[in-house]
Amino acid sequence: MNQEKDERFDSAAKCICDRIEKALDCLPGDVKRHAQEIRLRVNRPVCICCSEGTYFLSPEGRIHCRPVPGLLTAEPKDMEESFRNLCSYSIYSHENEIRNGYITLSGGHRAGICGTAVLQSESIGSVRNVSSINLRIAREITGAADRLLERLGNQLSEGLLLAGAPSSGKTTILRDLARQLACGVRGNLKKVAVIDERGEIAGTYMGIPQNDVGCCCDVLDGYPKAAGILIAVRTLSPEVILCDEIGSEEETRAVEQGLNTGVIFIASIHAGSVRDLMRRKQARRLLQAGAFGNVALLDAAHGPGKIAGIYKAGDLLAETDGGAVADSGRNARRGYGIA
Amino acid sequence: MESRKLSARVESLESFLRFLSAAKTEVRYSAVPVTQVIERHKTGLRFLHDCVERCSQGENFNAAWKDAVSGSAKYDGFGLHDMELLLSFGEGFGASDTDGQMSHLELYSGLFGTNLKSARDDRNRKSKLYLMLGIFAGLSTALLLC
């Protein structure tokens, strides 16, 4: 049996039930290194998603490009065991996450889950009969933000919005940006606050960040983004605030409030294209408020972390509705950037 | 010997009830996973130490709890009925949301409380009897030998 090791893949696979973990353990090292997601669907074959495509797993740990007979399928008891294992056998400690459709795991991995919703007064109270698990493997790539910073001329003083489709590498780049800023890799050290609502950026486990986010970085683990931004501004005196997947009304308001204190915001948002981005009301509002001077669009089609383009917020607004970007006063102090 | 067993059972049940009470607080206010709840409040009970040890070696909580109860609970002085109760407690521990866990812990506090009451009655009724039996047996043996 081939049992090549890949620390990240193996730590994620460990969270799945024993039967499937054994088969995953036998995968070739190359597949383990390139795997982005492990997908379990009840009574369906186990899939491994890589940037090159989706593969199906056999019980012996071999991979197939097509769903052929004899593949390893996730049985209901595997789903149940995997779900309990993902929750560390403590469903109560992941209650809110389950309601929001995910479970954060040690090492910064994240399992998306779906099943039958249990409704409580019109909102999702819980999920039963979990039918799909999408285990996303968190990869820490040192230097993932290098290309982006080079293209920005090491200037982040106007704020940056990272837009991209799912699995385009937004979180990986954010994590590396946090590290580079908080370690002063390309200039002065910055006091960075990471609002890590889903625990994906720092991968905090038992209070200790599992990923390197730099020596001057404060991690607000599990805080809702809106509350986290306000707490960070009030208590941690950050120079830069980083957060993942921004977009709700409440979060937009919190960013606007933080903006008035002179903090630089770096955030990510789901958008497959500039058009998608500008269709989002909250994104437009943030750009108009001057929260992000630059927008970097990631290109999921060419692999995680690839940059499709960098745009000035003002240009995007002018193109879409002729709107003008507010002057947040940041252009007057460009020296505040990391260079 | 038998008298000491009765006392050990009472002490272990009291310890486990203290653990259940601490677990209620942990689940409600810190929401830490079950292994950490046990790690923090395992004092005195050998089977809880064993369970933590097994979990740290990579065994999943359900299997670790079952093995620890089957393997070590008897050394803590738990009786067969107590062990059955411990096993069924382990099956539900961590398997539901906070409200569910509160009800679960409440239920088992009641059940173990009943066991503790009967263990105390047993100890009060039988420990003196066993002690006297021991003394008389000793005296009889001494007389026979003389």
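Read-outs: derived from the displayed coordinates by stated rules, not from any lab. Computed from a predicted structure; not experimentally measured. Cβ placement follows ideal geometry from the backbone for every residue including glycine, while neighbour counts extend to all protein chains displayed.
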Q) How about region B:37-58: which of its residues are in a helix (DSSP H, G or I) and more than 18 Å from residue B:86 (Cα to Cα)? A) B:40, B:56
Q.
Only one of B:35, B:43 is out of contact with any Pro (no Cβ under 7 Å at 6 or more places or on another chain), hydroxyl-bearing (Ser, Thr, Tyr) and at the interface with chain A (Cβ under 10 Å from one of its Cβ atoms). Can you tell me which?
A. B:35
Q: Test residue A:84 against the stated conditions and say whether it is more than 14 Å from chain B (Cβ to nearest Cβ), of a type outside the set (Phe, Trp, Tyr) and either assigned to a helix (DSSP H, G or I) or more than 16 Å from residue A:12 (Cβ to Cβ) (or both).
A: no
(Q) Can you tell me which residue is nearest to the other protein chains (Cβ to nearest Cβ) among those in region B:103-139 that are farther than 30 Å from residue A:89 by Cα and among the aliphatic types (A, V, I, L, M)? (A) B:119
**Q.** Residue list for region B:1-32, filter: within 14 Å of chain A (Cβ to nearest Cβ) and outside any loop (DSSP other than H, G, I, E, B)
**A.** B:23, B:24, B:25, B:26, B:27, B:28, B:29, B:30
(Q) So for region A:50-67 (the condition being outside any helix (DSSP H, G or I), within 26 Å of the chain's Cα centre (by Cα) and within 26 Å of residue B:65 (Cα to Cα)), does at least one residue qualify? (A) no
(Q) Would you confirm, using the coordinates I've provided, whether residue A:113 is part of a strand (DSSP E or B), within 14 Å of another protein chain (Cβ to nearest Cβ) and over 17 Å from residue B:91 (Cα atoms)? (A) no
Q) What are the pairs, 6+ residues apart or on separate chains, where a residue within region B:78-102 that is within 14 Å of chain A (Cβ to nearest Cβ) and touching a residue at least 60 places away in the same chain (Cβ under 8 Å) has its Cβ under 7 Å from a residue that is surrounded by 15 or more Cβ atoms within 10 Å (Cβ to Cβ) and in a loop (DSSP other than H, G, I, E, B)? A) B:94/A:89; B:94/A:90
**Q.** Sole residue being assigned to a helix (DSSP H, G or I), closer than 26 Å to residue A:199 by Cβ and among the β-branched types (Val, Ile, Thr), chosen from A:16, A:38, A:98
**A.** A:98
Q: Check region B:53-70 and report whether any residue there is within 14 Å of chain A (Cβ to nearest Cβ) and hydroxyl-bearing (Ser, Thr, Tyr).
A: yes
Q. Mind checking whether some residue in region B:38-47 is closer than 24 Å to residue A:94 by Cα and out of contact with any Cys (no Cβ under 9 Å at 6 or more places or on another chain)?
A. yes
Q: Please enumerate the residues belonging to region A:19-28 that are assigned to a helix (DSSP H, G or I), more than 12 Å from every other protein chain (Cβ to nearest Cβ) and touching a helix residue (DSSP H, G or I) at 6+ places or on another chain (Cβ under 9 Å).
A: A:19, A:20, A:24, A:25
